[in-house]
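Encoded as structure tokens, the structure appears first; notes follow it.
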Amino acid sequence: MNKLYIGNLSPAVTADDLRQLFGDRKLPLTGPVLLKTGYAFVDYPDQNWAIRAIETLSGKVELHGKVMEVDYSVPKKLRSRKLQIRNIPPHLQWEVLDGLLAQYGTVENVEQVNTDTEAAVVNVTYASREEARGAIEKLSGHQFENYSFRISYIPDEDGNAPPRARYSSREHGHPPGGPAQAKQLDFPLRILIPTQFVGAIIGKEGLTIKNLTKQTQSKVDIHRKENAGASEKPVTIHASPEGTSEACRMILEIMQKEADETKAVEEIPLKILAHNSLVGRLIGKEGRNLKKIEQDTGTKITISPLQDLTIYNPERTITVKGPIGACSSAEAEIMRKLREAFENDMATVNGHLIPGLNLSALGIFSTGLSVIPSAPGPRGAAASYNPFAVPEQEVVYLFIPTQAVGAIIGKKGHHIKQLARFAGASIKIAPAEGPEASERMVIITGPPEAQFKAQGRIFGKLKEENFFNPKEEVKLKAHIRVPSSAAGRVIGKGGKTVNELQNLTSAEVIVPRDQTPDENEEVIVKIIGHFFASQTAQRKIREIVQQAKQQEQKHPQGAGPSAPAPQRAK
């Protein structure tokens, strides 16, 4: 529940006045209005509605001769580490915002809030109460390209307790207690529902979904705006395993009732989305796990083929057919197996997340890219569920302007040493190729998390030091080496894969022709783009290479069509 404080009210204002005013602005209040002398409190079940009310009314509407103030109502004891920053330029690059937030302390988490507003909104969690207080004092009203930041505390129900481990592109290090606490990880259920039933699930003025979430103690996100015109919409349910199953069962019942009344369809299957990296363990050796679930629950279960996967859609659809009760039982078993596999993966990496893969937290800061989960695939926020594997040491060759070398190194090497410590990477600057060289190569060695942090700070530093003009985007060239045998996979048949990659990331990806593999049988792939585009392209290429390696291990003789020759993507 998002409680709002309405201040600077005239003593003449009544609860009916407020209801009418909110209703006139299409912000209807479904709960009670708690009216005091000079102020009032109202509740909104949804954060998006709360943000809309604040942006629409605060400082803009006069009631009985006084201009209203509207903001989150957060008691002082809950004003801890969490802030909401609104009115962020929608094209602001991630590395710029990151640098700004980092000036006031350690940022543990940044989450994008999907809203209807033109400007972007993020929720930020600082490491301490003091840092959050400093940030809200210094950043409130901060001007950026005619946008003035608006900042509020948002309730931190856990007070000063460390945050639970969860998917986040910005959390670093181990969760409290290490892998032993993996059970606390938020592993949501994702299902597909026919678009025609979305309205019934939400209900009039949101009452149905409000009742559902209240009964099951869950958070249910219906991704209505994704994939306009699609016949199905993804739904994400966050709750305990029991709450998740109950919410899923209630959604199935709502859809079945609507189908019976409209005679739209006879049977509504349950469609669960799961990352491909987890599905193999759900199926089990020779399909035993899946067969057992079918037998135990009296359902028929099918899984979408591997051919349906693309570089931007790593999820497979698990379709369960049977009566609602049977489907609910199957869902509980399927999710138990998927959670098990996920928790094992998280224990393997010892709590370290691969940054940049929860792309929804970053997409708004990338010029020319919408949020990645809304990308062409029919799966919605698929990008949040990339496979977790033991982080390998990667080498990336990043090229920066020659005149920027001093800024990156810093006085007596202070900045580059600090950057290496922060990122957990080895960072070296190669000698110039000649006296007239316009660029220098920065060699970054470290796992994916370190690459993300090191490269992000380098992009940010170049912007901060004005090596690119204010209206110019920081675009750099990066080289990564891939096995020559996998170069064709990066390109794809007729250049299909690399074209998809470029459309997805907005980076230019080049696999030069006629490369002679080095002593390690590797060739160079060039990536040119802004930070977010470059990171996404690097991650996707690494995934393609990893898949190629796995297939080579299964079929060492290479019995298959030969890979296309390296080429420049057009």
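Highest mean first, how do 210-217, 325-332 rank when packing is the count of other Cβ atoms within 10 Å averaged over residues?
On the way: 210-217: 16.4, 325-332: 20.2.
Highest to lowest by the protection proxy: 325-332, 210-217.
Per residue, what accessible area does the stretch 52-109 have, given a 1.4 Å probe and all protein chains present, in Å²? Write out the running numbers ahead of the final one.
Numbers: 2350 Å² over 58 residues.
Roughly 41 Å² per residue, with all protein chains present.
As an exercise, take the mean of 1/r over every pair of distinct alpha carbons in the stretch 410-462, invert it, and state the Kirkwood radius in angstroms. Provide the component values of the computation, followed by the final result.
Values: mean 1/r = 0.0852 Å⁻¹.
When all Cα pairs of the stretch 410-462 are included, the Kirkwood radius is 11.7 Å.
How large is the Rg to Rh ratio of the stretch 80-141 when both quantities use alpha carbon positions and Rh follows Kirkwood? Before the final figure, lay out the partial values.
Working: Rg = 11.1 Å, Rh = 11.8 Å.
Dividing the radius of gyration by the Kirkwood radius yields 0.94.
Set Lys and Arg Cβ to +1 and Asp and Glu Cβ to -1, take the dipole of the stretch 50-143 about its Cα centre, and tell me which of L97, T125, G65 lies farthest positive.
Going by the charge dipole, the pick is G65.
Exactly which trypsin sites (Lys or Arg not before Pro) in the stretch 494-535 are in a DSSP loop and have at most 10 other Cβ atoms within 10 Å?
Numbers: sites: K496, R513, K526; in loops: R513.
Listed in order of number, the matching sites are R513.
7 Å from Cα along Cα→Cβ at both K496 and D296: what's the point-to-point distance in nm?
For K496 paired with D296, the spin-label model returns 3.8 nm.
Within the stretch 433-540, report the GluC sites (Glu not before Pro) that DSSP leaves as loop and that have at most 12 other Cβ atoms within 10 Å. Mind dumping the intermediate values first?
Values: sites: E433, E436, E439, E449, E464, E465, E472, E473, E500, E508, E519, E521, E522; in loops: E433, E436, E465, E472, E473, E519, E521.
Listed in order of number, the matching sites are E433, E436, E472, E519, E521.
Which net charge results when you count Lys and Arg as +1 and Asp and Glu as -1 among the other residues whose beta-carbon is under 15 Å from that of A432?
Details: positive: K428, R440; negative: E433, E436, E439.
Result for the neighbourhood of A432: -1.
If you roll a 1.4 Å probe over the stretch 43-115 with all protein chains in place, what percent of the accessible area is carbon or sulfur? Display every interim value, and only then the final one.
Details: 1350 of 2960 Å².
Carbon-and-sulfur percentage of accessible area, whole number: 46.
Per the 1.4 Å probe, what fraction of the accessible area of the stretch 454-542, in percent, lies on carbon and sulfur atoms?
Working: 1620 of 3750 Å².
Roughly 43 percent of what the probe reaches on the stretch 454-542 is carbon or sulfur.
With a probe of 1.4 Å, find how much accessible area the stretch 415-466 has per residue, and write the answer as a whole number in Å².
Numbers: 2530 Å² over 52 residues.
Dividing the accessible area of the stretch 415-466 by its residue count gives 49 Å².
The values are calculated or read from the model by the stated rules, or taken from the named source; none is laboratory data. Since the structure is predicted, the reported quantities are computational estimates derived from the model, not experimental observations. Every residue, glycine among them, receives a Cβ derived from its backbone with ideal geometry; neighbour counts consider all protein chains shown. The protein model used for the area step is the full one, side chains on, heavy atoms only, and it has no ligands, DNA or RNA in it. Shrake-Rupley method; radii C 1.70, N 1.55, O 1.52, S 1.80 Å.
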